[in-house]
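Presented below is the structure to which this report refers.
The values are calculated or read from the model by the stated rules, or taken from the named source; none is laboratory data. It should be emphasised that the depicted structure is a prediction, and the values quoted were computed from it without experimental measurement. For neighbour counting, all protein chains shown are included, and Cβ atoms are generated from backbone atoms with ideal geometry for every residue, glycine included. These accessible areas exclude ligands, DNA and RNA; they are computed on the full protein's heavy atoms, side chains included. Shrake-Rupley method; radii C 1.70, N 1.55, O 1.52, S 1.80 Å.
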Amino acid sequence: MIKNKLQKAIISVAFIATSLVASDSSTNSLVGIEGGYSSVGYENTTTPNQYTAGIGQLGLKLGAESKDYRVFLSGRYLVSGDGTFDYIAAYGGELQYKFNISKAFDLFIGVNGGVASMKFTAEGETASRTISDPFVGGDLGANIHLGKTTDLEFGGRVLSIQATNDKPAASYLVGNMFTGYASLIFKWQMD
């Protein structure tokens, strides 16, 4: 039920943002390739022990921008180097407001939401655990304009997942994910 409401909210935001972007004659379509590093906090709520895992990520995002706004639909795949998580996949959308500081760069702030799916094996356990739950969060960063068709984006993102996996032996809560990333954004105008 929560996932259906979240999907409806993301689709609604995408339609609203698309109409905002479409009303401006200087709109661009966007494709971004992203790489970054994330820190995920989780805890055993039975004992309670807290853990943190460092995870590398790759992502793809598709979107549009006007002079003041950007909207993206995105997907990211994360794999931990230390083997804590078998995988984390996050997909959703972002809506960002741009502060046009100069012709060389702009700053942005935004909100994001979507679904995070993950698989991990807890310490001392042999069976894996899975979580697939909604998240909400925020973005902050800068776009450096490398030319009319390419931007280099540096940003930070926080996702509040707050998902619990319960088994008789122990319960685990996955809390927040903090990400630093860089994206290469390709843009063009469509008729």
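Among residues belonging to the stretch 147-168 that are under 19 Å from Phe108 (Cβ atoms) and open to solvent by 40 Å² or more (accessible area, probe 1.4 Å), point out the one that is farthest from the chain's Cα centre (by Cα).
Lys148
Looking for whichever is under 16 Å from Asp68 (Cβ atoms), surrounded by fewer than 16 Cβ atoms within 10 Å (Cβ to Cβ) and among the small types (Gly, Ala, Ser) here; the options are Ser132, Ser102. Which one fits?
Step by step, each of Ser132, Ser102 is checked, and only Ser102 is under 16 Å from Asp68 (Cβ atoms), surrounded by fewer than 16 Cβ atoms within 10 Å (Cβ to Cβ) and among the small types (Gly, Ala, Ser).
Among the listed residues Ala116, Ala122, identify the single one that is open to solvent by less than 50 Å² (accessible area, probe 1.4 Å) and at pLDDT below 95.
Ala122
Being in contact with a Leu (Cβ under 9 Å, 6 or more places away or on another chain) and open to solvent by less than 10 Å² (accessible area, probe 1.4 Å): is that true of Ala142 here?
no
Conditions: (1) open to solvent by 70 Å² or more (accessible area, probe 1.4 Å); (2) modelled with pLDDT under 90; (3) farther than 27 Å from Ala122 by Cβ. Ala9 meets all but one. Number of the miss?
(1)
On the given criteria, is Val111 within 22 Å of Met177 (Cβ to Cβ), open to solvent by 50 Å² or more (accessible area, probe 1.4 Å) and part of a strand (DSSP E or B)?
yes
Tally time: how many residues in the stretch 155-184 are farther than 23 Å from Thr130 by Cα and of a type in the set (A, V, I, L, M, F, W, C)?
2
For the stretch 47-83, give me each residue that is of a type in the set (D, E, K, R) and surrounded by 19 or more Cβ atoms within 10 Å (Cβ to Cβ).
Matches in the stretch 47-83: Lys61, Glu65, Arg70, Arg76.
Consider Asp86 against the criteria (1) on the phi > 0 side of the Ramachandran plot; (2) surrounded by 14 or more Cβ atoms within 10 Å (Cβ to Cβ); (3) not basic (Lys, Arg): it satisfies all of them except one. Which criterion is unmet?
Single failed check for Asp86: (1).
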